[in-house]
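Enquirer: I'd like to ask you about the structure that follows.
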Amino acid sequence: MSFQLIDSAEKLHKAVAAVNASSWAAVDTEADSLHHYLEKLCLLQVSVASQDFVIDPLAGFDLRPIVEALAAKPLLLHGADFDIRILNRFYGFVPREIFDTMLAAQILGYPKQGLADLALQHCEVSLSKKSQKADWSKRPLEQTLLEYAAGDTHYLKTIRDIMEKELREKGRLEWHRQNCAKLIQSITQKTPDERPKESWRVKGSNILRGKTLALFKALWEWREGEAKRRDRPSFKVLHNETLLDIAKWAEKHPNADAADMDGAPRNVRGEYREALNRILRQTGSLPVPEAFSHKPGPRKKWGDDEEKLMGQLKTERLTLSNELQIHPSLLATNAELEAIILTKPTDKASLASAGLLPWQIDTFGDRILKILQ
């Protein structure tokens, strides 16, 4: 496999011309979120027929010409969620159409769904996984890393062609198309939020109140400052779960400090104890933030009857997923089942309001309505 390294605007013109002349393009990205505080797009890999490009966004030229060219083409990706998100964040990228090979593997019920698994199965090629956690921001990149990156798109066309045929034979090609369209919409459609959620309000913090909530916010702000100072990902300083554990522990031990953390989270290392002691001592004087609440709306009833319906729907979903040999969440997520119970749809048309796609309604809708009735 040969590829072209694109590290200048002049070389980029060749890649743009190749994409414009092609009826499709395979795309992948590499970022450095495992190694640095602020995530950067470090590589953009693009393949078209007989040509593979590894494009270096850190070489100091504008990537917009290639991003705009890609937006006009049907794209092939594996696990498209991250790639679309990062390109959308930095360039406002919105793809016209995608074929996600990982999603195809899920809909086809493949037991192994990784790119390396698909390449081995359909191309008889062994792709190395040892570079998955490399620091892609380092320059110059070793040849082995560049070859690894190029391999992520080189085989996608062959894999797509085979899986598209299998989807068509199983009558599931439209399932895949609808799911891919929903993925694009969920990532790129900007919806107005009447009350934007502050970054520090992480999962699990909504149950905290008063001084405990104030302490958690202070811990989070310290952690972010420390991560930024060290240029490390936040989770490599302390995980959100650890910050929550410290706040909950401090609530039960108001006179203790990090030097004597009996029963406190074990993740707290000695290097952080001085800072934690300082924050713990300040708890009483910290301003209490407003407790988070969802957008105002009618209160929803959820009692024993609703819990019973949820159990019945999950059981029926599992039965059907076993018949189809796919993961249950493809038929409907738990959140969608909850929405169905709360909105009480009476026909297939009203099931769409819970977020179900047409193929999900056609496949699972009658069973849902039978249980609800």
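Enquirer: Of the listed values [x] 19; [y] 39; [z] 15, grab the one calculated as percent of Cα pairs over 37 Å apart from the structure here.
Expert: [y]
Enquirer: Using only DSSP helix segments of four residues or longer, with each worth -39500 (n - 2.57), what per-residue ellipticity at 222 nm results for the chain after dividing by its residue count and rounding to 500?
Expert: Counting only the DSSP helices, I get -16000 deg cm²/dmol.
Enquirer: Report, in listed order, any pair from Lys130/Lys236; Lys14/Lys133; Lys203/Lys236 with a Cα-Cα distance greater than 28 Å.
Expert: Flagged as over cut-off: Lys14/Lys133.
Enquirer: What percent antiparallel are the DSSP beta bridges of the chain, to the nearest 5?
Expert: Expressed as a percentage, antiparallel bridges in the chain total about 55.
Enquirer: For the chain, set up a GNM with springs between Cα atoms under 10 Å and report which of Lys11, Lys203, Lys228 has the largest fluctuation.
Expert: Per the Cα network of the chain with a 10 Å cutoff, Lys203 tops the list.
Enquirer: If you don't mind, there's one more thing I want to ask. How large is the dipole of segment 304-372 about the Cα centre if only Lys and Arg carry +1 and Asp and Glu carry -1, each at its Cβ, rounded to the nearest 20 debye?
Expert: Dipole magnitude for segment 304-372 comes out near 140 debye.
Enquirer: Please name which of Ser50, Ser205, Cys180 has its Cα lying farthest along the dipole of the chain towards the positive end, using unit charges on Cβ (Lys, Arg +1; Asp, Glu -1) and the Cα centre as origin.
Expert: Among Ser50, Ser205, Cys180, the one farthest towards the positive end of the dipole of the chain is Ser205.
Enquirer: Continuing with the same structure: Please list the non-local residues whose amide H lies under 5 Å from the amide H of Leu5, H modeled 1.01 Å from N, same-chain partners needing a gap of 5 or more.
Expert: Distant-sequence amide H within range of Leu5: Val54.
Enquirer: Per 0.36 nm of contour for each residue apart, how much would the distance between Ala21 and Thr144 grow if the chain were fully extended, relative to their Cα-Cα spacing?
Expert: My answer for the length gained is 41.4 nm.
Enquirer: What does the charge count near Leu324 come to, summing +1 for each Lys or Arg and -1 for each Asp or Glu among other residues with Cβ under 11 Å from its Cβ?
Expert: +2
Enquirer: Can you tell me the length gained on complete extension of the stretch Glu271 to Arg89, counting 0.36 nm per residue apart and subtracting the Cα distance?
Expert: Gain on stretching Glu271 to Arg89: 62.1 nm.
Enquirer: Please go through segment 82-155 and write out the GluC sites (Glu not before Pro) that DSSP classes as loop and that have at most 12 other C-beta atoms within 10 Å.
Expert: Glu124, Glu142
Enquirer: Any idea which of Leu41, Ser2, Ala72 is furthest toward the positive side of the dipole for segment 1-77, if Lys and Arg beta-carbons carry +1 and Asp and Glu beta-carbons -1?
Expert: It is Ala72.
Enquirer: Of the options Met102, His154, Ile86, report the single residue whose Cα projects farthest towards the positive end of the charge dipole of the chain (beta-carbon charges: Lys, Arg +1; Asp, Glu -1).
Expert: Positive-end residue among those listed: Ile86.
Enquirer: Give me the dipole magnitude in Debye, nearest 20, for segment 4-188 about the Cα centre, with unit charges on the beta carbon: positive for Lys and Arg, negative for Asp and Glu.
Expert: 360 debye
Enquirer: For segment 9-33 and segment 300-373, what is the centre-to-centre distance using only Cα atoms, to the nearest Å?
Expert: After rounding, the separation between the Cα centres reads 41 Å.
Enquirer: Let me ask another. Comparing Tyr155, Tyr37, Tyr91, which has the greatest mean-square fluctuation in the GNM of the chain with Cα pairs linked when under 10 Å apart?
Expert: Answer for the Gaussian network model of the chain: Tyr91.
Enquirer: What is the dipole size for the chain, taken about its Cα centre, with +1 at each Lys and Arg Cβ and -1 at each Asp and Glu Cβ, in debye to the nearest 20?
Expert: The dipole magnitude comes to about 880 debye.
Quick note: the coordinates plus some simple rules give every number you see, no bench work behind them. The model shown is predicted, which means the values in this text are computed figures rather than measured ones. Every residue, glycine among them, receives a Cβ derived from its backbone with ideal geometry; neighbour counts consider all protein chains shown.
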